[in-house]
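For reference, the structure discussed in these notes is given below.
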Amino acid sequence: MLLKELLANVYDVEWPSDKGGVDIRQISCDSREDQQGALFVALSGFKSKGLDFVADVIAKGAAAVVIRDEEAALLKVNVPPQVVLIKAKDPKSSLRSLVLGFYADPSKDIRTIGITGTNGKTTFTYLMESIIHASNERCGVIGTVNYRVGKEILPAQNTTPGFIELQRFFFTLRQRAAGYCVMEVSSHALHQGRVDGINFAAAVFSNLTQDHLDYHQNFEDYFQAKALLFTRLSSNTPAVINIDDAYGQRLCHITPGKVITYGVENHADVKAVNIRYSITGTHFDMVFPNGGIAISTGFIGKHNVYNVLSAVACAYGLGFSIENIKKGVEALTDVPGRLEAVPTKKDFHVFIDYAHTEDGLINVLKALREVSNGRIITVFGCGGDRDRTKRPKMGAAVCALSDHAIITSDNPRSEDPQSIIDHITAGFTRKNYEICLDRKEAIGRAITNARKGDIILLAGKGHEDYQILKTGKIAFNERAIAEEYLGV
């Protein structure tokens, strides 16, 4: 795209008009990327100025650079004549206009469904994707496990990608004629404006429990970040809300969207009744305003009933047929790392789950307790360099709901693993635990000591195939390790 075309609708910028014929091949704000033919927007952060990156991107082949106007006077780099220097009052605002212009606002052609909440987001995206596919529609997915378009899987860097990466993804979806995109929308993404410019076709709220208080100032700040997805909806856009959650009840009163509630305990537009649990799945009846259906799913536990409800209520609000909703839900057999059963010929069960919060652990352990005939053995830890206040709470949850726990490392990052474990054990009120710093050894110890009817829960890592240590990231596939000890 020619620079003059790209800058036509960008305001508060100053640039040499005789350079309008420069060809721009991409937009970037990450100096680590390839910059050949790029228009680079130099953004300032907490520890750096935008001008710090200019020399690097010019050396990498950038065709143009946007820099804050007052920083331009401080620039000590010799800008070659072929590189266009663009001065902007607000480079961040300019970046959004440039990206939307470069990709021709791709999300406007795609029905985007966003889900936010502490738990359940990933399972919702898989369920919603399955319903959409059952309706013979194409769909893209953005989430914690991966980003995918049909059968093509792309690695996920963040639950919700950055603004430019997100628009690139929507551009790909439009090229491939995908009518829908289902995406997890994190509180970080909402607070940082990563989803700005997306006209959501539906917004879904799962629940709110303690998490990310290392980023947000307090719990109310965390809620207000989540609420941004709902306060910007138009009046005819479905706002699908868990009415059994106290924060969901608050959202019902502040969103201008078309509220559709779901729940188990309270009166709701979409409600689950006659719930029956087993070690192989859950059966229940789904009641709608104009009828109902019976649902059978391989997912275990009450929290997964809520996950199914959220997807069914969303699909119902968007006009999907009841037949395709049922077909899509029942076609999905598992979600990576979400109470994922590890096949075994032993006389006990092994499950892997991503639960890494107090509420997540409580939900999963209660689900397993509902269908258990033996002991529950939980292998878990807590992440380093993250909210420390939740560690004793997670310990208390495991202490109360497990028969035995093996406390081990998760992703300790720069912290001392033993220090993290000390925080966890502070929450235990009885000595129903042991400590094993090496996570692989801890898994082996749990499997080796399991008895008939026991359930082993490997919590915290879920779908992740790595572990982050002080020395860096290493390969760590929990499922493969469990299978090794199980001899499968």
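The values are calculated or read from the model by the stated rules, or taken from the named source; none is laboratory data. From a predicted model like this one, the values you see are computed outputs, not experimental measurements. So basically every Cβ, Gly included, is an ideal-geometry build from the backbone, and we count neighbours across all protein chains shown. Surface areas here come from the heavy atoms of the whole protein model, side chains and all, with no ligands, DNA or RNA. Shrake-Rupley method; radii C 1.70, N 1.55, O 1.52, S 1.80 Å.
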Check: Using a 1.4 Å probe, what is the accessible area per residue for the chain, in Å²?
Finding: 43 Å²
Notebook entry, point to check: What aspartates and glutamates could a cross-link reach from residue 327, if we take a straight Cα to Cα line under 18 Å and drop same-chain neighbours fewer than 8 places away?
Noted result: 129, 137, 285
Check: Rounded to the nearest 500, what is the chain's calculated 222 nm mean residue ellipticity when only DSSP H runs of at least 4 contribute -39500 (n - 2.57) each, over all residues?
Finding: -9500 deg cm²/dmol
Next item on the list: Measure up 346/366; 302/440; 47/393; 390/461 against 27 Å on the Cα-Cα distance and list the ones that go over.
Entry: 302/440; 47/393
Notebook entry, point to check: Computed FRET efficiency, Cβ-Cβ of residue 371 and residue 480, R0 25 Å: what is it to the nearest 0.05?
Noted result: 0.45
Next item on the list: For the stretch 308-364, state which trypsin sites (Lys or Arg not before Pro) are in a DSSP loop and have at most 11 other beta carbons lying within 10 Å of their beta carbon.
Entry: 345
Notebook entry, point to check: Rounded to a whole number, what % of the accessible area of the chain do carbon and sulfur atoms account for, probe 1.4 Å?
Noted result: 49 percent
Next item on the list: For the stretch 40-126, run through the chymotrypsin sites (Phe, Trp or Tyr not before Pro) and keep only the ones in DSSP coil with at most 12 other Cβ atoms within 10 Å of their Cβ.
Entry: 46
Notebook entry, point to check: So how far, in whole Å, is the C-alpha centre of the stretch 443-481 from the one of the stretch 9-73?
Noted result: 44 Å
Checklist line | Coil-residue GluC sites (Glu not before Pro) of the stretch 167-267, DSSP, other Cβ within 10 Å capped at 14 | finding: 265
Next item on the list: Would you mind telling me the antiparallel percentage of the DSSP bridges in the chain, rounded to 5?
Entry: 35 percent
Notebook entry, point to check: In whole Å, what is the distance between the alpha-carbon centres of the stretch 317-374 and the stretch 94-163?
Noted result: 22 Å
Margin query: What's the magnitude of the charge dipole for the stretch 48-131 around its Cα centre, counting Lys and Arg as +1 and Asp and Glu as -1 at the beta-carbon? Answer in Debye, nearest 20.
Written below: 80 debye
Checklist line | Residue among 158, 426, 374 farthest towards the positive dipole end of the chain, charges placed on Cβ | finding: 374
Checklist line | Inter-label distance, nm, simple model (7 Å from Cα along the C-beta direction), residue 104/residue 23 | finding: 1.8 nm
